[in-house]
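Data first, discussion second: the structure below is written as structure tokens.
The values are calculated or read from the model by the stated rules, or taken from the named source; none is laboratory data. It should be emphasised that the depicted structure is a prediction, and the values quoted were computed from it without experimental measurement. A quick note on method: Cβ atoms are made from the backbone with ideal geometry, for glycine too, and the neighbour counts reach across all protein chains shown.
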Amino acid sequence: MGNVPSAVKHCLSYQQLLREHLWIGDSVAGALDPAQESSQLSGLPEYVKIVEVGPRDGLQNEKVIVPTDKKIEFINQLSQTGLSVIEVTSFVSSRWIPQMADHTEVMKGIRQYPGIRYPVLTPNLQGFHRAVAAGATEISVFGAASESFSKKNINCSIEESMERFEEVVKSARHMNIPARGYVSCALGCPCEGSVTPQKVTEVSKRLYGMGCYEISLGDTIGVGTPGSMKKLLESVMKEIPPRALAVHCHDTYGQALANILTALQGVNLYKVMEAGDFICKAVNKTTNSKVAQASFSA
Amino acid sequence: MATVRRVSTSSAGTFPKRVKIVEVGPRDGLQNEKNIVPTATKIKLIDMLSEAGLPVVEATSFVSPKWVPQMADHAEVLKGIQKFPGINYPVLTPNFKGYQAAVAAGAKEVAIFGAASELFTRKNINCSIDESLQRFDEILKAAQAASIPVRGYVSCVLGCPYEGKISPAKVAEVAKKLYSMGCYEISLGDTIGVGTPGIMRDMLSAVMHEVPVAALAVHCHDTYGQALANTLMALQMGVSVVDSSVAGLGGCPYAQGASGNLATEDLVYMLTGLGVHTGVNLQKLLEAGAFICQALNRKTSSKVAQATCKL
């Protein structure tokens, strides 16, 4: 803005600014006090658990098939960033999702750091058993808040999918394996259009009731806006305690961050960017992260 | 330094009923684009933006072409555009000479700018903030005599490439100065896009003590992907004027490879979803974005455009 001469490029002090500032530099003990103070005033949580879904949700939607060793290296890099939960892969048939065909090798090949959790998607009992055999200690199941989407995506009704998941979650609980539940199309469906908060609540309650410890509400096609997110959460929180809820926002319409708007804590941003740079090179794509775009010189 | 009493934020979920979008693509957007766009293309872009229903379209900058070659055709652009009734076409006037040229070319509204950082001001225009504002005195006097409204910009409100952190009190001081000098509206710019919602809130709390919220606008750069979230925070605090750029045009002279302004399409999408009136036709806006991206030979930075483009 204004008429800043474009001759002022790559100001060295600017790089310094990024390193020194709280919101970009390494997390420092005590540096969060101002943020905590602010967060209390505005009702933001003091701590947010980030569930990194890049290796699964991210990669499964990428055209380029990433070699197994690159996936393993990617996840190992993410393990060193401070992220506490990294969704590794999906034990789904390779016929449906070729990218995830190497699920067993990836699960066996990654370094499992103490204190970090590595959930995997298990759409059915067969996938669940394979996952456990490969060393999985946490699993996820996912339903949809839309009948049409459920039929299109997993070829059955919501009710049928819930019956399938009950089997999986029951087996998981029997083996003391925590199960996470996803609800997709929480803010809109590519087939049905609008989705009522009541429907999302109903599906979430079902998953929570069968034993899922956490429900991740997914704006699968990224159509939500802050108002619809608020309405959704007001409805779901009547049935499920907030600490058991997560949001999973797609950035299709640039709304993800606005829909989330919460504080970040305890993650080394530089290492996350390094991991991001690594996987982008592997899939031969430029990053979608604005922070990464701004930080790496062209 | 006076302690700033925190203004409590309105509960999340309260938003203004109407938001005035100030489209800065043809000026702030284009001036940060590498490829020079022909005059006819600029004029067509502005006409398309007018057709999209944007109430304010910042047309150009009457700055020396030595500094900003992209804006060398300022007079032709201003003379060449269709001036729709009810739409304002402000232009930047960095000095009195520029102001005179702007008025001669038919400008009915001008904009001046200050920064909330002494170092930034010193480095860019080789004087202090106070001195820079004094230079605008001539413009303000002449504009007042000619009944030409003047908009004031404050840059670096959430961070400075030279000074680093900027105190909210400093932003409030500069905003107050511009407002008392006669600017009808103050646009607070996160020039390098480093701000996050908490910092936006703290800055606005301070400024709102000195300038009525109805006279405030936010101008967020999306360098770190924070623009929409920061804008949302501002809206929750009562700000109802937002600057944005079609297709998210622009870049950042301080961070190569970085993205530019908040994309107007993405902003309109959010506001529409919130039930806030903007008067903008998103379809026509998308067409304007597609047009200028083709002319610039670049991809759009708007997520909405990416999602809806069939190519």
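Numbers at a glance
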read-out: Any hit, the stretch A:237-253, residues being more than 18 Å from the chain's Cα centre (by Cα) and assigned to a helix (DSSP H, G or I); value: no
read-out: Count of the stretch B:231-261 residues which are in contact with an Asp or Glu (Cβ under 8 Å, 6 or more places away or on another chain), modelled with pLDDT of 90 or more and more than 9 Å from chain A (Cβ to nearest Cβ); value: 6
read-out: Conditions (1) modelled with pLDDT of 95 or more; (2) in contact with a strand residue (DSSP E or B) (Cβ under 9 Å, 6 or more places away or on another chain); number of the one not met by B:Leu282; value: (2)
read-out: Selection within the stretch A:190-236 - small (Gly, Ala, Ser), closer than 19 Å to A:Ser161 by Cβ and either in a helix (DSSP H, G or I) or within 14 Å of another protein chain (Cβ to nearest Cβ) (or both); value: A:Ser204, A:Gly209
read-out: Looking only at the stretch B:131-166, and only at residues there that are of a type in the set (S, T, N, Q), over 17 Å from B:Ala215 (Cβ atoms) and more than 13 Å from chain A (Cβ to nearest Cβ), the one that is surrounded by the fewest Cβ atoms within 10 Å (Cβ to Cβ); value: B:Ser147
read-out: For B:Ala172: the one exception among (1) more than 14 Å from chain A (Cβ to nearest Cβ); (2) small (Gly, Ala, Ser); (3) in a loop (DSSP other than H, G, I, E, B); (4) within 26 Å of B:His221 (Cβ to Cβ); value: (3)
read-out: Pick from the stretch A:211-245, criterion in contact with a Phe, Trp or Tyr (Cβ under 9 Å, 6 or more places away or on another chain) and of a type in the set (Gly, Ala, Ser), ranking: modelled with the lowest pLDDT; value: A:Gly227
read-out: Candidate set from the stretch B:158-179 (those that are at pLDDT 95 or above and among the hydroxyl-bearing types (Ser, Thr, Tyr)); member that is farthest from the chain's Cα centre (by Cα); value: B:Ser167
read-out: Residue in the stretch A:291-298 that is surrounded by fewer than 16 Cβ atoms within 10 Å (Cβ to Cβ) and at pLDDT 85 or above present; value: no
read-out: B:Val239 being among the aliphatic types (A, V, I, L, M) and not in a helix (DSSP H, G or I); value: yes
read-out: Conditions (1) part of a helix (DSSP H, G or I); (2) of a type outside the set (A, V, I, L, M, F, W, C); (3) surrounded by fewer than 22 Cβ atoms within 10 Å (Cβ to Cβ); (4) touching a strand residue (DSSP E or B) at 6+ places or on another chain (Cβ under 8 Å); number of the one not met by A:Ser171; value: (4)
read-out: From the options B:Gly98, B:Gly152, B:Gly86, B:Gly106, residue that is assigned to a strand (DSSP E or B) and not hydroxyl-bearing (Ser, Thr, Tyr); value: B:Gly152
read-out: The stretch B:113-127, subset touching a strand residue (DSSP E or B) at 6+ places or on another chain (Cβ under 6 Å) and touching a residue at least 40 places away in the same chain (Cβ under 8 Å), residue nearest to the other protein chains (Cβ to nearest Cβ); value: B:Phe113
read-out: Given (1) in contact (Cβ under 8 Å) with a residue 40 or more places away in the chain; (2) part of a helix (DSSP H, G or I); (3) surrounded by fewer than 19 Cβ atoms within 10 Å (Cβ to Cβ); (4) not hydroxyl-bearing (Ser, Thr, Tyr), index of the condition B:Leu45 fails; value: (3)
read-out: Any hit, the stretch B:66-77, residues being within 11 Å of chain A (Cβ to nearest Cβ), over 30 Å from B:Ala172 (Cα atoms), surrounded by fewer than 24 Cβ atoms within 10 Å (Cβ to Cβ) and without any contact (Cβ under 8 Å) to a residue 24 or more places away in the chain; value: yes
read-out: Any hit, the stretch B:272-288, residues being within 7 Å of chain A (Cβ to nearest Cβ), in a loop (DSSP other than H, G, I, E, B), under 17 Å from A:Tyr253 (Cβ atoms) and under 16 Å from the mean Cα position of the chain (by Cα); value: no
read-out: Checking B:Gln82 against (1) surrounded by fewer than 17 Cβ atoms within 10 Å (Cβ to Cβ); (2) in contact with a Leu (Cβ under 6 Å, 6 or more places away or on another chain); (3) not β-branched (Val, Ile, Thr), the condition it does not meet; value: (2)
read-out: Number of positions in the stretch B:111-127 that are within 29 Å of B:Val56 (Cβ to Cβ) and among the acidic types (Asp, Glu); value: 0
